[in-house]
Amino acid sequence: MDLEKFSDEFKSDKFKTELVEINSKSWAHFCRNLILKLKPASCERILSTIRVFFRFIHDEGGPDLLSGLSFPRIRKERKLPRVLSFEETLSALKAEGMPGLLLEFLYCTGARISEATQLRWSDIDFSRRMILIRGKGRKERSIPLAIVFELRLREFSRDHSVFVFGTANGPLDPRLARKWCRDLESKLKIPKHLHPHLFRHTMATHLLDQGADLRFIQELLGHSSLSTTQKYLSVSKSRLMKVFDESHPRA
């Protein structure tokens, strides 16, 4: 239990039952050990539990420990999005039929799977070579129609559905798209978990690798804040360092 770590630290050595006096020095020592020994998520959970415990003590007539102690801010580990290499991406995009067309669309546009399943034929302007994407919060954005995707798109009939990815019964079920990715992962033996959103992460990272402007990527992805897009900078830098370490003769 989370409170056991707290009680083990502050129990009296003589009686092992009552808590010794908690002061700022002993509390700081306890918090420092937590941060050194445990992961940020575990530290945050334990400190949250202790806060609740301290409130309970005060509500029951005990001292107000919260007012005299400072709780540290726990910096969470920033998980970088996993992405496919260019070679892995090309292998996945060789998939045939509707699965291949969907993955091509996701990679060419960086769209979310929810946006892909709602894409209608009327949203594609072949003359202007633009695609209208309807995103979160009913926000709309226009994405260039990539030549490779356009060529694959022209192989499909518009008669089966008003949706590009759909049937006469309606749009594609996102669960089916995820199943296609799992099947492809097994077939290609790609050592990464394939899922539709992975192609959004991959597209953004590959664009950065090729020198694309961050604002341009923000527009493509439909991020309202540039800070959301900036996480891909870290991914691109980490990929750069990996290539450097593996390839540079003096690394």
**Complete:** Any residue on another chain or 5+ positions along whose placed amide H is under 5 Å from the amide H of residue 130 is listed here as 125, 145
**Request:** Please calculate how many Å² of accessible area segment 101-156 carries per residue, with a 1.4 Å probe and no DNA, RNA or ligand atoms counted.
**Result:** 51 Å²
**Asked** Using the beta-carbon distance between residue 128 and residue 90 and R0 = 25 Å, what value does 1/(1 + (r/R0)^6) give for FRET efficiency, to the nearest 0.05?
**Response** 0.35
**Request:** Give the long-range amide H neighbours of residue 111: residues separated by 5 or more places, or on another chain, with amide H under 5 Å away, using H modelled in the peptide plane at 1.01 Å from N.
**Result:** none
**Prompt:** Over segment 38-141, what is the relative contact order in whole percent, taking alpha-carbon pairs under 8 Å and six or more residues apart?
**Reply:** 13 percent
**Message:** Considering only protein heavy atoms and a probe of 1.4 Å, how much of the accessible area of segment 114-169 is carbon and sulfur, as a whole percent?
**Reply:** 51 percent
**Asked** When only DSSP loop residues count, what GluC sites (Glu not before Pro) in segment 146-218 have their Cβ near at most 16 other Cβ atoms within 10 Å?
**Response** 155
**Request:** Report the calculated FRET efficiency for residue 39 and residue 154 (r = Cβ-Cβ distance, R0 = 41 Å), to the nearest 0.05.
**Result:** 0.20
**Asked** Hey, which of these cross-link pairs are over 27 Å Cα-Cα: 39/179; 39/189; 192/231; 136/231?
**Response** 39/179; 39/189
**Request:** For residue 166, enumerate residues with amide H under 5 Å from its amide H, sequence gap 5+ or separate chain, H modeled in the peptide plane.
**Result:** 172
**Request:** Compute the FRET efficiency between residue 121 and residue 215 as 1/(1 + (r/R0)^6), taking r as their Cβ-Cβ distance and R0 = 41 Å, and round to the nearest 0.05.
**Result:** 0.85
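The values are calculated or read from the model by the stated rules, or taken from the named source; none is laboratory data. It should be emphasised that the depicted structure is a prediction, and the values quoted were computed from it without experimental measurement. No Cβ is skipped: glycine too gets one built from the backbone with ideal geometry, and neighbour counts run over all protein chains shown. Ligands, DNA and RNA are excluded from the accessible area calculation, which covers all protein heavy atoms including side chains. Shrake-Rupley method; radii C 1.70, N 1.55, O 1.52, S 1.80 Å.
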